[in-house]
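J.: Before we start, here is the structure in question, set down as structure tokens.
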Amino acid sequence: DPDRPHRAAPVLAGERRHSGDMVGRVRELDVLRGTWERATGESVPHLVTVLGPAGIGKTRLAQEFAAAVEEAGGRAVQGRSLPYRESSAYFAFSTQVKQLCGIFESDSPEVGRAKLREHIEAELPVGVDTAAVAAHLAILMGLDPEGSVDDREELFFSVRVLIEALARKQPMLLVFEDIHWADRGLLDLIELLAARLRDLPVLLLT
């Protein structure tokens, strides 16, 4: 309605807002689209890293690509790392899971854990220990500060279980922005997903 005042759409956690047309990145966008077509057409996970100095348009490129993925029927979730000591080790991944589960930053840890459990129970196949997966993800996301696991591999395995279940239902793009700020743990998680995900339409974009 042209007579109504324009209101900007809300920005999801982990997103940055940009306006105007993207200029000078058509070639890079075409490369990403081609990689997405291979990942989805052949069900072969891919990891793509975009390098460049600040202000060159990496974030805008990621946003344009995410929009193209969703237009093509995929699901794109975005998370970004913050400067040292301003976030938890897995903040970028935590932001992605919160988007997937409808968890808001304003939600209490109890509400966040409840939403997480509900989503895990709905998405994971029969036979999977959904309680364990939800508990592990809550620890990784900082929703359960009292929880602990002796072996980090258990936490990472639960991440794999979730991504695999979701990707079997819909092709997925996971965007990790600003990984120059990332903790070693998050980089290890990205490497593990890139190495161990199999036969799935998944693209990891860092």
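The values are calculated or read from the model by the stated rules, or taken from the named source; none is laboratory data. Because the structure is a prediction, the values reported are computed rather than measured. Please note: Cβ atoms are built from the backbone with ideal geometry, for glycine as well, and neighbour counts cover all protein chains shown. To get the accessible areas, we keep the full protein, side chains included, count just its heavy atoms, and leave off ligands, DNA and RNA. Shrake-Rupley method; radii C 1.70, N 1.55, O 1.52, S 1.80 Å.
J.: If only one of Leu51, Leu12 is open to solvent by 50 Å² or more (accessible area, probe 1.4 Å), at pLDDT 50 or above and either within 25 Å of Leu187 (Cβ to Cβ) or within 16 Å of the chain's Cα centre (by Cα) (or both), which one is it?
T.: Leu51
J.: Within the set of pairs 6 or more residues apart or between chains, which connect a residue that is small (Gly, Ala, Ser) inside segment 188-199 to a residue that is outside any loop (DSSP other than H, G, I, E, B) with Cβ atoms less than 7 Å apart?
T.: That search, which allows pairs on different chains as well, returns Ala194/Leu47; Ala194/Leu204.
J.: Then there is this: For segment 80-184, which fully contained helices (runs of 4 or more DSSP H) count at least 1 residues that are open to solvent by 60 Å² or more (accessible area, probe 1.4 Å)?
T.: Those helices (runs of 4 or more DSSP H) span 109-123, 130-140, 152-169.
J.: Can you tell me which of (1) closer than 16 Å to Val202 by Cα; (2) crowded, with 16+ Cβ neighbours inside 10 Å is the one Gly34 doesn't meet?
T.: For Gly34, the exception is condition (2).
J.: Counting just the residues of segment 15-48 that are part of a helix (DSSP H, G or I) and more than 21 Å from the chain's Cα centre (by Cα), which one comes out modelled with the highest pLDDT?
T.: Checking each candidate, the answer is Asp30.
J.: Now a separate question. Taking the condition of being farther than 14 Å from Leu173 by Cβ, open to solvent by 80 Å² or more (accessible area, probe 1.4 Å) and touching a strand residue (DSSP E or B) at 6+ places or on another chain (Cβ under 9 Å), how many residues in segment 54-79 meet it?
T.: Total satisfying the criteria: 0.
J.: Does Val175 qualify as being β-branched (Val, Ile, Thr) and closer than 27 Å to Thr35 by Cα?
T.: Yes; evaluated as a whole, the condition is true for this residue.
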